[in-house]
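To start, the structure itself, in structure tokens.
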Amino acid sequence: MVAEDFLNERVVLITGGAGSLGSAVAERLISSTVKSIRILDNDENRLVWLEQKLKDDRLRLLLGDIKDAWRTRMAVDGADIVIHCAALKHVELSMRNPFEYVSANVVGLQQMINSTLGDGKVERFITISSDKAINPTSPYDATKLLQEFITVHAEKYKGDRQTLFSVSRPPNYLKSSGSVIEKWEYQKSLGKPLTVTHIDMKRYFMPMEKIVDFVLGCLERMKGGEIFVPAEAIERNIYEMAMEISDDIVFTGLREGEKLNQPLMTEIELAKATLDKDVWIIR
């Protein structure tokens, strides 16, 4: 768990804070002693839903786009911590819309960093990456790899500003918005077979509450320029996961840009990473 004094009276900005991970982090922060929780998101409906769910006076809902320079400057102004969750995330869709993914995930991140450096008072900025950054085979994968490079590089060119920049690389979240489990449950509710692309496909997973622990733990540990990878992630066979929901399964074949296996680190990273309790740290 995160130490109380780490978050005490801090103003936390979460971009993409109405999404699966962002809203889970916001919900956790409600139980802490933070001064304010700012949620910057371009999804009007999910912002309203989040406000109704959390019902806390410290919550500040900011409707806007991370590519908007003025909006990001206003969002960052006075913030102590920035958790950058905002991103487009679907591999198959990115194959047909590569520029949009570069615009949102790469240009949007750089704008957030620009606004953070322009403010100069933010203490910590952490980018939420993905295991898809390893061995990229789709535009989405490539944008996550670029996000890591951009964030780590920001630590090098920040000059005398106090902000620390680091990367958190979580695995797949169980039951996130648009996840394969959500899709299977919908298919089952319609009485249809569950679709699995390949019998040997494997992915690393963690429960959402563990992902939130991991992200906040990264914030507490960061010294600037690191990539954090969870050591607690569990590799699961996708077909076996589907069988836990229904034995009526259809194999559809690998989709464009999809990988059979998705490691959490490259061999080079693993060789130089250090293990700190439940987290691998790559410097």
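The values are calculated or read from the model by the stated rules, or taken from the named source; none is laboratory data. Note that this is a predicted model, so its numbers are computed, not measured. Here the Cβ positions follow ideal geometry from the backbone for every residue, glycine too, while neighbour counts run over all protein chains shown.
Determine if region 150-164 includes at least one residue that is among the β-branched types (Val, Ile, Thr) and either under 13 Å from the mean Cα position of the chain (by Cα) or at pLDDT below 95 (or both). Let's see the steps before the verdict.
In the first step, residues of region 150-164 are kept if they are among the β-branched types (Val, Ile, Thr); the result is 150-152, 163.
Then drop every residue that is not either under 13 Å from the mean Cα position of the chain (by Cα) or at pLDDT below 95 (or both), which leaves none.
The answer is no, given that none of the residues of region 150-164 is among the β-branched types (Val, Ile, Thr) and either under 13 Å from the mean Cα position of the chain (by Cα) or at pLDDT below 95 (or both).
Residues to consider are Thr116, Thr127, Thr137; find the one that is assigned to a loop (DSSP other than H, G, I, E, B) and either farther than 16 Å from Asp41 by Cα or at pLDDT 95 or above (or both). Spell out the reasoning first.
On the way: Thr116 fails: assigned to a loop (DSSP other than H, G, I, E, B); Thr127 fails: assigned to a loop (DSSP other than H, G, I, E, B).
Sole residue among the options that is assigned to a loop (DSSP other than H, G, I, E, B) and either farther than 16 Å from Asp41 by Cα or at pLDDT 95 or above (or both): Thr137.
Could you list, in sequence order, the residues of region 211-223 that are part of a loop (DSSP other than H, G, I, E, B) and either within 13 Å of Ile81 (Cα to Cα) or hydroxyl-bearing (Ser, Thr, Tyr) (or both)? If you could, list the steps in order and put the result at the bottom.
Looking only at region 211-223, we keep the residues that are part of a loop (DSSP other than H, G, I, E, B), and these are 222-223.
The one that is part of a loop (DSSP other than H, G, I, E, B) and either within 13 Å of Ile81 (Cα to Cα) or hydroxyl-bearing (Ser, Thr, Tyr) (or both): Met222.
How many of the residues making up region 166-210 are of a type in the set (D, E, K, R) and in a strand (DSSP E or B)?
We begin by selecting, within region 166-210, every residue of a type in the set (D, E, K, R); these are 169, 175, 182-183, 185, 188, 192, 200, 202-203, 209-210.
In the following step, the residues that additionally are in a strand (DSSP E or B) were identified as 202-203.
The number of residues fulfilling the criteria is 2.
Going by the structure shown, is Val102 of a type in the set (A, V, I, L, M, F, W, C) and buried (at least 23 other Cβ atoms within 10 Å of the Cβ)?
On the way: of a type in the set (A, V, I, L, M, F, W, C): yes; buried (at least 23 other Cβ atoms within 10 Å of the Cβ): no.
Against the criterion (of a type in the set (A, V, I, L, M, F, W, C) and buried (at least 23 other Cβ atoms within 10 Å of the Cβ)), Val102 does not qualify.
Looking at region 16-64, which of the residues that are closer than 12 Å to Ala86 by Cβ and surrounded by fewer than 17 Cβ atoms within 10 Å (Cβ to Cβ) is farthest from the chain's Cα centre (by Cα)?
Gly64
Within the group Phe149, Phe165, Phe125, which residue is out of contact with any helix residue (DSSP H, G or I) (no Cβ under 9 Å at 6 or more places or on another chain) and within 25 Å of Asp213 (Cα to Cα)?
On the way: Phe165 fails: out of contact with any helix residue (DSSP H, G or I) (no Cβ under 9 Å at 6 or more places or on another chain); Phe125 fails: out of contact with any helix residue (DSSP H, G or I) (no Cβ under 9 Å at 6 or more places or on another chain).
After ruling out the rest, the residue left standing is Phe149.
Check Lys132, Lys156 and return the single one that is assigned to a helix (DSSP H, G or I) and surrounded by fewer than 19 Cβ atoms within 10 Å (Cβ to Cβ). Can you show your working first?
Details: Lys132 fails: surrounded by fewer than 19 Cβ atoms within 10 Å (Cβ to Cβ).
When all the criteria are applied, what remains is Lys156.
Please tell me if Val122 is surrounded by 20 or more Cβ atoms within 10 Å (Cβ to Cβ) and either under 12 Å from the mean Cα position of the chain (by Cα) or part of a helix (DSSP H, G or I) (or both). Let's see the steps before the verdict.
On the way: surrounded by 20 or more Cβ atoms within 10 Å (Cβ to Cβ): yes; either under 12 Å from the mean Cα position of the chain (by Cα) or part of a helix (DSSP H, G or I) (or both): no.
No, not satisfied.
Since Val25 meets every condition but one in (1) out of contact with any helix residue (DSSP H, G or I) (no Cβ under 6 Å at 6 or more places or on another chain); (2) assigned to a helix (DSSP H, G or I), which condition does it not meet?
(1)
Listed residues Arg71, Arg38; which is farther than 22 Å from Leu174 by Cα, assigned to a strand (DSSP E or B) and either touching a strand residue (DSSP E or B) at 6+ places or on another chain (Cβ under 7 Å) or modelled with pLDDT of 95 or more (or both)? It would help to see each step written out before you state the result.
Values: Arg71 fails: assigned to a strand (DSSP E or B).
Sole residue among the options that is farther than 22 Å from Leu174 by Cα, assigned to a strand (DSSP E or B) and either touching a strand residue (DSSP E or B) at 6+ places or on another chain (Cβ under 7 Å) or modelled with pLDDT of 95 or more (or both): Arg38.
Just to be sure, is Ala86 in contact (Cβ under 8 Å) with a residue 24 or more places away in the chain and within 22 Å of Glu155 (Cβ to Cβ)?
yes
Hey, can you tell me all the residues within region 94-127 that are touching a residue at least 40 places away in the same chain (Cβ under 8 Å) and of a type in the set (A, V, I, L, M)?
If the condition is that a residue be touching a residue at least 40 places away in the same chain (Cβ under 8 Å) and of a type in the set (A, V, I, L, M), then Met95, Val102, Val106, Val107, Leu109, Met112, Ile113, Leu117, Val122, Ile126 are the ones that fit.
What pairs come up if the first residue lies in region 214-238 and is within 15 Å of Glu123 (Cβ to Cβ), the second is part of a loop (DSSP other than H, G, I, E, B) and among the β-branched types (Val, Ile, Thr), and their beta carbons are under 8 Å apart, counting only those six or more places apart or on different chains?
If the second residue must be part of a loop (DSSP other than H, G, I, E, B) and among the β-branched types (Val, Ile, Thr), the pairs left are Leu216/Val2; Leu219/Val2; Glu220/Val2.
Could you list, in sequence order, all residues of region 78-97 that are modelled with pLDDT of 95 or more and exposed (fewer than 15 other Cβ atoms within 10 Å of the Cβ)?
Gly78, Arg96
Under 6 Å between Cβ atoms, at least 6 apart or on separate chains: pull out the pairs that start in region 52-80 with a residue that is more than 15 Å from Val107 (Cα to Cα) and in contact (Cβ under 8 Å) with a residue 24 or more places away in the chain and end on any residue that is aliphatic (A, V, I, L, M) and assigned to a loop (DSSP other than H, G, I, E, B).
Ala79/Val122
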